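Remarks on the structure that follows.
The values are calculated or read from the model by the stated rules, or taken from the named source; none is laboratory data. Everything numeric in this text was worked out from a predicted model, so none of it was measured. Please note: Cβ atoms are built from the backbone with ideal geometry, for glycine as well, and neighbour counts cover all protein chains shown. Ligands, DNA and RNA are stripped out before the accessible areas are found, and what is left, the full protein with its side chains, is counted by its heavy atoms. Shrake-Rupley method; radii C 1.70, N 1.55, O 1.52, S 1.80 Å.
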Amino acid sequence: MSKPAANAVLVRILDREYQVACPPEERNALQDAAKQLDQRMRDIRSSGHVIGLERIAVMAALNLSHELLQAREQGNTAKAPDLTPLISRLDKALADYE
């Protein structure tokens, strides 16, 4: 993959690189989110119950969304920031890759 654009970050998820547009002040958050997503997807893949990158990604997204909703219901909004913009960027990067 080529060098990322000025406001883009390269993230590696399940041994694939994705270039994601990101303001400099959100770079660390995006990298942390990518690391968490990578680990979740690796866990799902290693379970052997889900096959295929797209299905693994959907299961990881559902699990993370469920946890986020539970945290919000419990009033832990300070610990559960809105990850919607980051999820949208990762979705776009996955779609662009395919």
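What the table below lists for this structure:
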| read-out | value |
| --- | --- |
| D32 being surrounded by 12 or more Cβ atoms within 10 Å (Cβ to Cβ), modelled with pLDDT of 90 or more and assigned to a helix (DSSP H, G or I) | no |
| Condition met for V11 (open to solvent by less than 80 Å² (accessible area, probe 1.4 Å), in contact with a helix residue (DSSP H, G or I) (Cβ under 7 Å, 6 or more places away or on another chain), at negative phi and modelled with pLDDT of 90 or more) | yes |
| Flag if G75 is of a type in the set (G, A, S), open to solvent by less than 60 Å² (accessible area, probe 1.4 Å) and either modelled with pLDDT of 85 or more or in contact with a strand residue (DSSP E or B) (Cβ under 7 Å, 6 or more places away or on another chain) (or both) | no |
| The stretch 20-49 residues that are in contact (Cβ under 8 Å) with a residue 24 or more places away in the chain and closer than 10 Å to V9 by Cα, paired with ones that are in a helix (DSSP H, G or I) and open to solvent by less than 40 Å² (accessible area, probe 1.4 Å) (beta carbon under 7 Å, 6 or more apart) | V20/L30; V20/L90; V20/A93; C22/L30; L30/L86 |
| Odd one out for P85, checked against (1) open to solvent by less than 100 Å² (accessible area, probe 1.4 Å); (2) modelled with pLDDT of 90 or more | (2) |
